[in-house]
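Worksheet: the structure to be examined is printed underneath.
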Amino acid sequence: MVWGEGNDQPQSSHGGALDSGHARLHELGYKQELKRDLSVLSNFAFSFSIISVLTGITTLYNTGLTYGGPLAMTYGWFVAGFFTMMVGLSMAEICSSYPTSGGLYYWSARLSGEDWAPFASWMTGWFNIVGQWAVTTSVDFSLAQLIQVIILLSTGGNNGGGYLASKYVLIGFHGGILLIHAIINSFSIRWLSLFGQLAAAWNVLGVFVLMILIPCVATQKARFNFVFTHFNTENNVGIHSRFYIFVLGLLMSQYTLTGYDASAHMTEETKSADINGPKGIISAIGISIIAGWGYLLGITFAVTNIPYLLSKDNDAGGNAIAEVFYLAFKSRYGNGAGGILCLGIVAIAIFFCGMSCVTSNSRMAYAFSRDGAMPLSSFWHKVNKQEVPVNAVWLSVFIAFCMALTSLGSQVAFQAMVSIATIGLYIAYALPIFLRITLARKSFVPGPFNLGVMGSSSVGLRCYGSQPLLFSSPFQWFTPSQRTLSTTPLLLLVACFFSLCHLGF
């Protein structure tokens with residue numbers, strides 16, 4: 001970890017006023033190596049496209065329907081959204097003071113003081129990077145699964161002799177998607193900025209189209225009281241506690257509303273990062289909460305038979321949202337082609353989400369290795385002629401592919417990836433926030449964006465902001481439906497062990 005402050009004053013290459021983010025990076029002791037070319041819109045776009053409500057809600061809609069159903073999803077979304085915004089505000093304040101690609105782990109180092117810095121930064125960094133790799137794995141694997149469902153429906157459906165790709169073909173899809181993402185992320189930041197803005201626009205338009213189109217096309221619609229009051233307790237796993245069911249159902253919302261730390265990881269490539277980085281975090285969360293609720297309502301108003309949507313015997317093989325789309329068009333027009341096209345809209349959104357995940361992963365790996373925190377650090381933090389950390393890009397893709405290989409031997413592997421992503425990221429989110437209100441309570445110097453009196457005295461705000469960690473961790477580790485031990489805590493313990501071993505050496 002670099003603790004020295006820059007001694008030589010950096011000069012603007014264009015002879016004008018020095019960018020505030022560049023100047024702050026120099027003060028923190030780092031050299032500007034990445035191309036600083038992103039606007040506040042581009043910074044926002046990366047976080048927004050990673051949150052991607054089309055991705056998260058579509059991927060875990062089955063979980064939401066199973067655990068609590070419409071009521072848990074409709075109100076649980078705002079519960080998770082409120083806590084997420086609290087975390088986001090806290091992170092935005094810290095990001096404004098320390099606008100570096102390292103993000104969370106660097107914040108922990110600076111906020112914990114020199115004695116605790118190595119331990120705090122290593123733990124935060126490893127939870128963050130493992131969580132990010134798990135996010136990329138789960139996002140691209142969910143796209144592979146959606147492609148599997150699209151092919152199934154396009155060839156006749158589950159009940160019409162349609163083709164269901166095997167688990168080996170599914171891994172092939174996953175590998176191909178990751179390969180394309182690695183190639184795209186090897187381009188210059190200007191191209192990535194363009195793709196990021198396109199991804200944000202696609203997510204907004206996709207949500208707007210689907211939330212209106214699906215309930216309008218569906219011939220059978222749910223009643224108002226069903227959407228806002230029906231609580232599903234039939235989960236077929238032996239869970240009867242309504243509170244427990246509600247908490248399990250929150251995984252859909254909490255998994256979706258993650259990834260906004262991307263704005264922090266992109267700060268070394270963002271103009272006026274000490275101002276625009278925080279804007280990117282807060283705006284991505286706020287817009288996602290509004291857009292996501294609209295998408296949830298639109299889809300849920302087309303839900304009339306929960307057991308059938310979750311049944312493996314339906315046309316989509318148990319994929320609830322795919323079945324909703326397919327039935328909406330089939331009931332009105334006699335075939336589900338329109339529903340398959342709607343699934344294509346979602347698939348493109350998930351593709352963009354995975355692309356942005358790899359971008360964020362690579363910047364985290366680049367910064368972490370720049371500080372010598374990873375094996376072979378000198379190799380991973382190198383940048384190419386386009387000022388892109390291309391080695392870190394390919395590392396992130398390779399690890400995401402390896403993590404998905406667990407699906408070949410375990411049916412709960414994907415659920416474990418989702419849980420790791422949620423748990424790992426929120427532990428990484430919570431640690432610097434905790435240090436901000438404890439060890440750094442009096443020493444923290446805020447940047448241009450700060451929470452004022454609330455930033456230093458409102459412990460309650462931070463405690464509430466850390467609650468998603470409680471909602472998303474212990475309750476997801478074990479459920480009566482699992483005949484074997486969940487791999488989630490085991491994989492997290494392995495990550496902790498290796499990070500501590502590397503710290504020791």
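The values are calculated or read from the model by the stated rules, or taken from the named source; none is laboratory data. Bear in mind that the values here come from a model prediction, so they are computed numbers and not experimental data. Ideal geometry is used to build each Cβ from the backbone, glycine not excepted, and the neighbour counts take in all protein chains shown.
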>> Residue pairs, Cβ under 6 Å, 6 or more apart or interchain, first in the range 170-187 and farther than 15 Å from I147 by Cα, second among the small types (G, A, S) and assigned to a helix (DSSP H, G or I). List them.
In response: H181/G354
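One line per residue, one yes/no per condition, for (1) surrounded by fewer than 21 Cβ atoms within 10 Å (Cβ to Cβ); (2) among the hydrophobic types (A, V, I, L, M, F, W, C); (3) within 16 Å of C357 (Cβ to Cβ):
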| site | (1), (2), (3) |
| --- | --- |
| G125 | no, no, no |
| I129 | no, yes, yes |
| A134 | no, yes, yes |
| Y163 | yes, no, no |
| V169 | yes, yes, no |
| L178 | no, yes, yes |
| H181 | no, no, yes |
> Looking only at the range 303-339, which residues are buried (at least 24 other Cβ atoms within 10 Å of the Cβ) and either free of Cβ contacts under 8 Å to residues at least 12 places away in the same chain or not in a helix (DSSP H, G or I) (or both)?
Replying inline: V303, A316, N319, G336
>> Can you tell me which condition G113 does not meet? The list is (1) surrounded by fewer than 20 Cβ atoms within 10 Å (Cβ to Cβ); (2) at positive phi; (3) touching a helix residue (DSSP H, G or I) at 6+ places or on another chain (Cβ under 8 Å), and all the others hold.
In response: (3)
>> I'd like to check something: does the range 248-259 contain any residue that is loosely packed, with under 14 Cβ neighbours inside 10 Å and either in contact with a Leu (Cβ under 9 Å, 6 or more places away or on another chain) or in contact (Cβ under 8 Å) with a residue 40 or more places away in the chain (or both)?
In response: no
>> Which numbered condition in (1) over 19 Å from A367 (Cβ atoms); (2) modelled with pLDDT of 90 or more; (3) in contact with a Leu (Cβ under 8 Å, 6 or more places away or on another chain) is the only one that G113 fails?
In response: (2)
> What number goes with the only condition from (1) in contact with a strand residue (DSSP E or B) (Cβ under 6 Å, 6 or more places away or on another chain); (2) surrounded by fewer than 24 Cβ atoms within 10 Å (Cβ to Cβ); (3) among the charged types (D, E, K, R) that E269 does not pass?
Replying inline: (2)
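Does N225 qualify as being outside any loop (DSSP other than H, G, I, E, B), exposed (fewer than 13 other Cβ atoms within 10 Å of the Cβ) and of a type in the set (S, T, N, Q)? Outline the logic, then answer.
Values: outside any loop (DSSP other than H, G, I, E, B): yes; exposed (fewer than 13 other Cβ atoms within 10 Å of the Cβ): yes; of a type in the set (S, T, N, Q): yes.
The answer is yes for N225.
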> What number of residues in the range 422-442 are without any contact (Cβ under 8 Å) to a residue 40 or more places away in the chain and aliphatic (A, V, I, L, M)?
Replying inline: 1
>> Being closer than 27 Å to P278 by Cβ and assigned to a helix (DSSP H, G or I) is true for just one of L205, L170, L179. Which residue is that?
In response: L205
> Do any residues in the range 353-372 that are without any contact (Cβ under 8 Å) to a residue 24 or more places away in the chain and over 11 Å from S396 (Cα atoms) have Cβ atoms under 6 Å from those of residues that are in a helix (DSSP H, G or I) and of a type in the set (G, A, S), where the two are at least six apart or on different chains, and which pairs are they?
Replying inline: S369/S377
> Restricting the range 253-266 to residues that are assigned to a helix (DSSP H, G or I) and at pLDDT 90 or above, which is farthest from S138 (Cα to Cα)?
Replying inline: S263
> Which condition number does T66 fail, the rest of (1) modelled with pLDDT of 95 or more; (2) closer than 26 Å to K312 by Cβ being met?
Replying inline: (1)
> Quick one: I147 ticks every box in (1) more than 27 Å from F449 (Cα to Cα); (2) crowded, with 24+ Cβ neighbours inside 10 Å; (3) under 21 Å from the mean Cα position of the chain (by Cα); (4) of a type in the set (V, I, T) bar one, so which box is it?
Replying inline: (2)
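Tell me the residue from G286, G280, G292 that is buried (at least 20 other Cβ atoms within 10 Å of the Cβ), closer than 30 Å to H22 by Cβ and not β-branched (V, I, T), please. It would help to see each step written out before you state the result.
On the way: G286 fails: buried (at least 20 other Cβ atoms within 10 Å of the Cβ); G292 fails: closer than 30 Å to H22 by Cβ.
So the residue among G286, G280, G292 that is buried (at least 20 other Cβ atoms within 10 Å of the Cβ), closer than 30 Å to H22 by Cβ and not β-branched (V, I, T) is G280.
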>> Quick check on my filter: what residues within the range 203-222 are more than 29 Å from the chain's Cα centre (by Cα) and either free of Cβ contacts under 8 Å to residues at least 60 places away in the same chain or surrounded by fewer than 14 Cβ atoms within 10 Å (Cβ to Cβ) (or both)?
In response: C216, T219, Q220
>> Regarding the range 35-44, can at least one residue be identified that is within 16 Å of Y260 (Cα to Cα), touching a Ser or Thr at 6+ places or on another chain (Cβ under 8 Å), aromatic (F, W, Y) and modelled with pLDDT of 90 or more?
In response: yes
